[in-house]
1. V210 - would you say it is closer than 20 Å to L70 by Cβ and either within 12 Å of the ligand (Cβ to nearest atom) or not polar (S, T, N, Q) (or both)?
2. Is it the case that region 66-84 has a residue that's within 15 Å of the chain's Cα centre (by Cα), under 18 Å from G40 (Cα atoms) and within 16 Å of the ligand (Cβ to nearest atom)?
3. Six or more apart or on different chains, Cβ under 6 Å: which pairs go from a residue in region 169-189 that's of a type in the set (D, E) to one that's in a helix (DSSP H, G or I) and within 12 Å of the ligand (Cβ to nearest atom)? Could you list them?
4. Can you tell me how many residues in region 190-205 are free of Cβ contacts under 8 Å to residues at least 12 places away in the same chain and among the hydroxyl-bearing types (S, T, Y)?
5. What is the number of the single condition among (1) farther than 13 Å from I99 by Cβ; (2) within 14 Å of the ligand (Cβ to nearest atom); (3) over 9 Å from the mean Cα position of the chain (by Cα) that A143 does not meet?
6. For R194, work out the one condition from (1) more than 14 Å from the chain's Cα centre (by Cα); (2) closer than 21 Å to W83 by Cβ it doesn't fulfil.
7. Could you please let me know if S74 is in contact with a Lys or Arg (Cβ under 7 Å, 6 or more places away or on another chain) and under 19 Å from A191 (Cβ atoms)?
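What follows draws every value from the coordinates through simple rules; no lab data is involved. For clarity, every value in this text was computed on a predicted model and none was experimentally measured. Cβ coordinates were reconstructed from backbone atoms using ideal geometry, including for glycine residues, and neighbour counts include every protein chain displayed.
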Amino acid sequence: MATCTYSVPDKNASGDNLYGAVICNQAYIDYFWNAYGFQGNKNYWDDGFGWEDPCNTSKPLARAFNGCYLLTYSAQDYQNESWNSPILNWGRRYVRNNIDDLRSKCGDGSAIARASGDTVEVYLGFFYTKDVPGRAETLIHEARHAGGKSHNAKFPAGSVFGAGKDGADSSWGHEGAWMYGALYLWWFYAAGARTTSAMRERARQRGNLVIDNAFATHPGYSI
Ligand SMILES: [Zn+2]
């Protein structure tokens, strides 16, 4: 972490103050640690990443926990994880089942995350450019890769992710990582519980950005 330099954006806007007031509870911390792949990876979360300071939402670990809280508890009936229910319900189960190891690294400053097999690395961009709903989106996205689904297209003309570069999904029907993330954000916007209208609005905006920029063939939706 000594080589990681970052600044902490407005924690009201990102949701880190909102969720940070809730996650500072050993029961939540233990649950997240064991459920979402932190376990066995302490070496990736100490030395400045927050292991010694897990309630400090200026540090990576607490900011990851905020995303985990949103992922876990945003369905009104969050204990229903049925695959037949909305992704707002089963997203937590999907991430839990597919990410075995979740590791924090600096990255290049703008990188968000990367999946390799069932190991997912999250970088400074995950902690400090994404808001709390966006971090849950990233966990869903990377879990979809860990679950075996790769990107299969190039970003379309005008894409903020880099027109013509690999990393897009061909279509909504590909049911890839971008679709999973956008669908999760859509449901969170529509039905998210234990949050605020401001957080839900941010999810809507991010979902639309993904829909407009991450598919070779535009899905035709607008949240
Ligand atoms: Zn991806």
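1. yes
2. We begin by selecting, within region 66-84, every residue within 15 Å of the chain's Cα centre (by Cα); these are 66-74.
Next, only the ones that are under 18 Å from G40 (Cα atoms) stay: 68.
Right, trim to within 16 Å of the ligand (Cβ to nearest atom) and you get none.
No: region 66-84 contains no residue that is within 15 Å of the chain's Cα centre (by Cα), under 18 Å from G40 (Cα atoms) and within 16 Å of the ligand (Cβ to nearest atom).
3. Filtered contacts from region 169-189: D169/W178.
4. 1
5. (1) is the only condition that A143 fails.
6. It fails just one condition, (2).
7. Values: in contact with a Lys or Arg (Cβ under 7 Å, 6 or more places away or on another chain): yes; under 19 Å from A191 (Cβ atoms): yes.
Yes: the conditions hold for S74.
Conditions (1) within 15 Å of the ligand (Cβ to nearest atom); (2) outside any loop (DSSP other than H, G, I, E, B), marked per residue:
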{"site": "R96", "(1), (2)": "no, yes"}
{"site": "C106", "(1), (2)": "no, no"}
{"site": "A111", "(1), (2)": "yes, no"}
{"site": "R114", "(1), (2)": "yes, yes"}
{"site": "V120", "(1), (2)": "yes, yes"}
{"site": "F126", "(1), (2)": "yes, yes"}
{"site": "R135", "(1), (2)": "yes, yes"}
